[in-house]
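Worksheet: one structure, shown below.
Each value in this text was obtained by applying a stated rule to the coordinates, not by laboratory testing. The model shown is predicted, which means the values in this text are computed figures rather than measured ones. FYI the Cβ positions are ideal-geometry reconstructions off the backbone, even for glycines, and counts take in every protein chain you see.
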Ligand SMILES: *Cc1c(COP(=O)(O)O)cnc(C)c1O
């Protein structure tokens, strides 16, 4: 029998009572698209020799399949997930979580007009940068500030403005690559600056810089090697030491700080990360850093430093292409307000809170999760000490003591379990270590624990 002949016409299907109900609920466009796809699927079944009973059943159950298709179509591809991997600043997982205040600030301007580029006092055109400039100046003790799309864009704008067609001296030990596509030498090339490499991978001396200076030199660029560490026989030249050279030869001293933190991490028992204030007080002319790394704000590239240089950047045509969106301005202003006015800003900024939280608090969440998990034959669940990481190219190889719930299985493919966790409606990101699946609670909030437990239990039940 030619099974294609039992396939109803699309119009007939759309006339079915069960399908009409779907049209009432979701509209004709979505349903008819799904009907066509489902019919295509049945055609595929027939062409791969499915039997009549099977095909008839599929036709009968069309509404079910279509419902499922619609659910998938309407679900967002970009969505929230639970990060139980223990990496606080994970570029693939969206880096910093914004503070509540920043979310409210974004939300209030989303479907309302705003004074984004309007000076309310003067009743005339303003700039989008004005909302954050004064606040950045105060926080970083700098003369001027500017914000662009991300730190890669910031470095590009700085070099394009101050060193196009000229030489920029950088140590070979600082020619880094960040997450795939941001490479200092390539960014230089793109901006039209000519990179002049000095020193060796492990050692660069002040004299290396001085010998490289010519009349074509415009700037010295320091790059914070935020994502790797040279240990052993190693030496680099600090910005403070470079200050003298810069003054003697009339150069601009630029520092790409990468993570750009405002507070001193040593106060929390972590390794020192250079702060923005330190760079400015060391006499660096132009400093750039990310908004969504250790600052804990939205994706942005923040530039602070001498007014004469930042004024030039404001006039650069390139700025128009790199400019920040109003959502970024709203979120960043709210985050800066927290730094300026909250007594306990470490508590209010999720990134800083996760980095500095006492591990006894993390342990409490591990216990709460443990209590909620079902026990099953052939699996072993326990609470154990773990190592979380700051991530985002910050503090390389420095772990933060943490607590995790671990699950080990007899005869189960861990990769498969990990994949099932990833494919849940609210995906769960875990890590595999020593034949166990590890759920690190440092990056999981108290509020997420019921959902996390529900997701894990669902996967355990389906094993
Ligand atoms: C992360 C980083 C960048 C890139 O910053 P984005 O905000 O991701 O564009 C550039 N330089 C350094 C040193 C970094 O650590």
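If you take the square roots of the eigenvalues of the alpha-carbon gyration tensor of segment 398-463 and sort them as a ≥ b ≥ c, do you get rounded (a/c under 1.5), prolate (a/b over b/c) or oblate?
Taking the square roots of the gyration eigenvalues as a ≥ b ≥ c, segment 398-463 is oblate.
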Expressed as a whole number of Å, what is the distance separating the alpha-carbon centroids of segment 189-211 and segment 70-126? 39
Rel. contact order, % - alpha carbon contacts under 8 angstrom, at least six apart, segment 366-425: 34
Descending packing, highest mean Cβ count within 10 Å first, for 454-461, 169-176, 435-442 is 435-442, 169-176, 454-461
Just to be sure I understand: of the beta bridges DSSP finds with both ends in the chain, what percent are antiparallel, rounded to 5? 60
Once the Cβ-Cβ distance between residue 127 and residue 378 is put in as r, and R0 is 56 Å, what FRET efficiency do you end up with, to the nearest 0.05? 0.35
Among segment 405-426, those whose backbone N falls under 18 Å of a label point 7 Å along Cα→Cβ from residue 399 are 405-408
Evaluate the distance, in nm, between pseudo-label points positioned 7 Å from the Cα of residue 61 and of residue 194 along their respective Cα→Cβ axes. 7.1
May I ask for the percentage of alpha-carbon pairs in the chain that lie more than 37 Å from each other? 44
Residue span residue 36 to residue 308: 0.36 nm per residue of separation minus Cα-Cα distance leaves a gain in nm of 91.7 nm
Residue-span extension gain [residue 419 to residue 385] - 0.36 nm each, minus C-alpha spacing: 9.9 nm
At a Förster radius of 41 Å, what calculated FRET efficiency corresponds to the Cβ-Cβ distance of residue 206 and residue 321, to the nearest 0.05? 0.65
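Specify whether the C-alpha gyration tensor of segment 209-368 places it in the rounded, prolate or oblate class, a ≥ b ≥ c being the square roots of the eigenvalues: rounded for a/c under 1.5, otherwise prolate if a/b is larger than b/c and oblate if not.
oblate
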Dividing the mean separation of Cα pairs under 8 Å (6+ apart) by the residue count of the chain yields a relative contact order in percent of 19
In segment 24-42, which residues have a backbone nitrogen under 17 Å from the label point lying 7 Å from residue 14's Cα in the Cα-to-Cβ direction? 24-40
What is the Cα centroid distance between segment 356-374 and segment 149-187, reported in whole angstrom? 42
Under the rule of -39500 (n - 2.57) per DSSP H run of 4 or more residues, summed and divided by the residues of the chain, what mean residue ellipticity at 222 nm is obtained, to the nearest 500 deg cm²/dmol? -13000 deg cm²/dmol
May I ask you to compute the full-extension gain from residue 104 to residue 266, defined as 0.36 nm times their residue separation minus their alpha-carbon distance, rounded to one decimal in nm? 55.2 nm
Obtain the nm distance between the two label points defined at residue 435 and residue 215 by a simple spin-label model: each point lies 7 Å from its Cα along the Cα-to-C-beta direction. 7.2
For segment 268-326 versus segment 384-463, the gap between their alpha-carbon centres in whole angstrom: 34
